[in-house]
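S.K.: Just dropping this structure here.
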Amino acid sequence: MKTKNTTTNINTIYPNKIWTKVLLITGIIFCTSSMYSSPVQAQSKIDQGINNDKILIAQTLGGIIRKIPISEVPLPAMSAAKTVTNAQFNQARIELQSEGSSIYVLRGKNQQGFEVEVQVSPSGTIMQVDEQIDPTSVPEIAVRSFKRWAPNDPLLSIWRSTRLGELYYQFVIEEFWLEVSTDGEKVIIYDRTKLTQSLGR
């Protein structure tokens with residue numbers, strides 16, 4: 001989901017220290033963001049890792065998320081989502097952003113049987129498309145970047161995320177998911193235990 005980035009340069013870290021640091025920062029974020037009603041992703045911390053990779057920790061910000069019947073999705077939004085993905089949607093929610101705008105999030109399956117999630121405005125502007133994909137579809141450089149930070153964690157699923165001309169790969173493990181840029185140089189870590197209910201991962 002699209003939010004503004006605020007980054008701070010801090011000391012170099014290496015993969016064998018990443019989870020300790022993630023848990024520490026996640027605890028800090030949880031304390032500072034508990035006043036908000038529901039999670040919307042933001043990039044709050046940045047580290048320079050091995051080979052100068054960038055790693056960011058996702059923070060939660062304000063916003064209201066509500067599940068709705070699929071019939072309540074405006075026709076322009078539904079039509080745009082189906083056109084882009086050729087998927088059948090069976091779940092929907094509406095996210096009211098802090099600045100007052102709203103986004104519909106539709107979830108379903110495409111013709112290949114993979115999960116699909118689309119973020120779309122009421123007027124039909126596609127904001128983000130996340131598609132579950134086969135591991136063989138992921139560039140090797142992105143896979144290497146994921147394994148550098150989570151070498152021993154069982155992989156639950158992989159998603160391809162497209163938003164406003166940018167492409168990322170999302171590697172879902174038990175407690176986190178790692179979002180990796182196509183060149184493998186940037187990694188964003190999301191706390192899955194806090195965001196699963198809202199984001200469906």
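The values are calculated or read from the model by the stated rules, or taken from the named source; none is laboratory data. In this text the structure is predicted, and so the values were computed from the model without any measurement. Cβ atoms come from the backbone with ideal geometry, glycine included; neighbour counts cover every protein chain shown.
S.K.: Can you tell which of 107, 93 is charged (D, E, K, R), outside the structural domain of residue 170 (by TED's automatic domain parsing) and touching a helix residue (DSSP H, G or I) at 6+ places or on another chain (Cβ under 9 Å)?
M.R.: On the way: 107 fails: touching a helix residue (DSSP H, G or I) at 6+ places or on another chain (Cβ under 9 Å).
Every option except 93 fails the conditions.
S.K.: So which pairs qualify, if the first residue must be in the range 181-194 and over 13 Å from residue 148 (Cβ atoms), the second must be of a type in the set (A, V, I, L, M) and surrounded by fewer than 19 Cβ atoms within 10 Å (Cβ to Cβ), the Cβ gap must be under 6 Å, and the two must be at least 6 apart or on different chains?
M.R.: So the pair list comes out as 182/167.
S.K.: Restrict the check to the range 116-128 and report whether at least one residue is among the acidic types (Asp, Glu), surrounded by fewer than 18 Cβ atoms within 10 Å (Cβ to Cβ) and either touching a Pro at 6+ places or on another chain (Cβ under 9 Å) or within 22 Å of residue 188 (Cβ to Cβ) (or both).
M.R.: Within the range 116-128 (the criterion being among the acidic types (Asp, Glu), surrounded by fewer than 18 Cβ atoms within 10 Å (Cβ to Cβ) and either touching a Pro at 6+ places or on another chain (Cβ under 9 Å) or within 22 Å of residue 188 (Cβ to Cβ) (or both)), the answer is no, since none of the residues qualifies.
S.K.: To continue, here is another question. More than 18 Å from the chain's Cα centre (by Cα), at pLDDT 95 or above and not β-branched (Val, Ile, Thr): which single residue out of 108, 124 fits that description?
M.R.: That would be 124, the only listed residue that is more than 18 Å from the chain's Cα centre (by Cα), at pLDDT 95 or above and not β-branched (Val, Ile, Thr).
S.K.: Considering only the range 168-183, I want to know if a residue exists there that is within 21 Å of residue 71 (Cα to Cα), at pLDDT below 90 and buried (at least 17 other Cβ atoms within 10 Å of the Cβ).
M.R.: No, the range 168-183 has no match at all.
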